[in-house]
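What follows is one structure encoded as structure tokens, with my remarks underneath.
The values are calculated or read from the model by the stated rules, or taken from the named source; none is laboratory data. All of these numbers come straight from a predicted model, not from anything done at the bench. No Cβ is skipped: glycine too gets one built from the backbone with ideal geometry, and neighbour counts run over all protein chains shown.
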Amino acid sequence: MASKISIAGEENFARIMTSPAQDGSAVAIEIRDLTRRFGAQIVLDHVSFACPHGKITTVVGPSGCGKTVLLKHLNFLLRPNCGAIIVDGEDVTQMGSSELNRVRDKFGMLFQAGALFDSMTVAENVAFPLVEKTNLSRQEIAQRVQEKLAAVGLEGAGNKFPSEISGGMQKRAALARALIREPEILLLDEPTTGLDPTRAGAIHHLIRRTQQRFGLSAVLVSHDVPQVFEISDRVAFLYKGRTRLFGTVQEILSANDPVFKSFLAGEEIDEEGLQAGSNALAM
Ligand SMILES: Nc1ncnc2c1ncn2[C@@H]1O[C@H](COP(=O)(O)OP(=O)(O)O)[C@@H](O)[C@H]1O
Ligand SMILES: [Mg+2]
């Protein structure tokens, strides 16, 4: 059987697009030729891949390669110059604001750095999206907050302030807040930043348990390679604004891509090596 692995190159985008469908999974989010410039800088250059329903799709790549910019497009904070983002079959890039609000309700987001409000308790932080966006009673909100705090192992910590809890607990609180509106799709931008490898591993496994328990489709941006692959169903490797690799963990690890190998080893990726690698990989 032909490998589903995709090595980026115009001619291979079709293969990138079909990867999740080939194993029968429904697609939660399809990113098609997403292109975004800031002034003269092209940050995303025809990025294409699809995130299967009920799975974790992890986005990795060198610092500054556009991971956060990509996630902000999925969260409607940025609009693309061209390309499409298809959520449950609907192209959200063509939607007006009222339609967008309906789709936005499907999403929960954990921002890079967690960003808890220092002046609010953990419970108030977790409750915040419900207080802002719903008319639920205080009692209902309190109950949901307790549920979500329990789901992330923070029962009993609701009355503490962020400064009074550990970095790992702050990440858990940020995850509880991202879950509070019971999203179908969870976007996570570097949810383990600043944690040591042991604590990062614990957060990864909490994310996996949570994703499975609530049946979420998740898009996870992470710098924790290769640890994060333990909980990843698909991996997109972004490089120079392109989807250089996309596939299952096994597929991308066996792709034999020198650029990806350098990235995994934490090495500088030199341009000469890239040229040689690209030629070697042409399919
Ligand atoms: N609002 C913005 N205006 C101009 N440039 C931006 C903006 N947001 C991001 N960029 C640029 O886009 C590139 C990718 O950034 P980012 O997505 O944050 O990278 P990372 O992969 O580390 O998350 C960087 O060069 C950054 O400077
Ligand atoms: Mg980032």
Any residue in the stretch 169-188 that is in contact with a Lys or Arg (Cβ under 8 Å, 6 or more places away or on another chain), acidic (Asp, Glu) and surrounded by 19 or more Cβ atoms within 10 Å (Cβ to Cβ)?
-> no
Exactly one condition in (1) within 16 Å of ligand 2 (Cβ to nearest atom); (2) on the phi < 0 side of the Ramachandran plot; (3) in the same structural domain as Ala26 (by TED's automatic domain parsing) is not met by Gly241; state its number.
-> (2)
Select from the stretch 147-161 the residues that are buried (at least 17 other Cβ atoms within 10 Å of the Cβ) and over 18 Å from Ala200 (Cα atoms) and list them in ascending order.
-> Lys148, Leu149, Ala157, Gly158
Go over the candidates Thr68, Thr57 one by one and state the one that is touching a helix residue (DSSP H, G or I) at 6+ places or on another chain (Cβ under 9 Å) and either modelled with pLDDT of 95 or more or closer than 19 Å to Thr193 by Cβ (or both).
-> Thr57
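Consider Glu164 carefully, then state whether it is at pLDDT 95 or above and over 18 Å from the mean Cα position of the chain (by Cα).
Working: at pLDDT 95 or above: yes; over 18 Å from the mean Cα position of the chain (by Cα): yes.
For Glu164, the condition - at pLDDT 95 or above and over 18 Å from the mean Cα position of the chain (by Cα) - is met.
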Matching residues in the stretch 103-127 - criterion: being surrounded by 15 or more Cβ atoms within 10 Å (Cβ to Cβ) and more than 24 Å from Val92 (Cβ to Cβ) = Gly114, Leu116, Thr121, Val122, Ala123, Glu124, Asn125, Val126, Ala127
Among (1) within 28 Å of Phe214 (Cα to Cα); (2) modelled with pLDDT of 95 or more; (3) within 16 Å of ligand 2 (Cβ to nearest atom); (4) not β-branched (Val, Ile, Thr), where does Asn75 come up short?
-> (2)
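Going by the conditions given, is Asp23 farther than 14 Å from Val235 by Cα and modelled with pLDDT of 95 or more? Walk me through it before giving the result.
On the way: farther than 14 Å from Val235 by Cα: yes; modelled with pLDDT of 95 or more: no.
The answer is no for Asp23.
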Flag for Val228 being under 26 Å from Pro80 (Cα atoms), within 16 Å of ligand 2 (Cβ to nearest atom), at pLDDT 95 or above and under 15 Å from the mean Cα position of the chain (by Cα) = no
Restricting the first residue to the stretch 57-73 and requiring it to be free of Cβ contacts under 8 Å to residues at least 60 places away in the same chain, which pairs with a second residue that is near ligand 1 (Cβ under 8 Å from one of its atoms) and of a type outside the set (D, E, K, R) meet a Cβ separation below 8 Å and a spacing of at least six or different chains?
-> Val69/Val43; Val69/Leu78; Lys72/Leu78
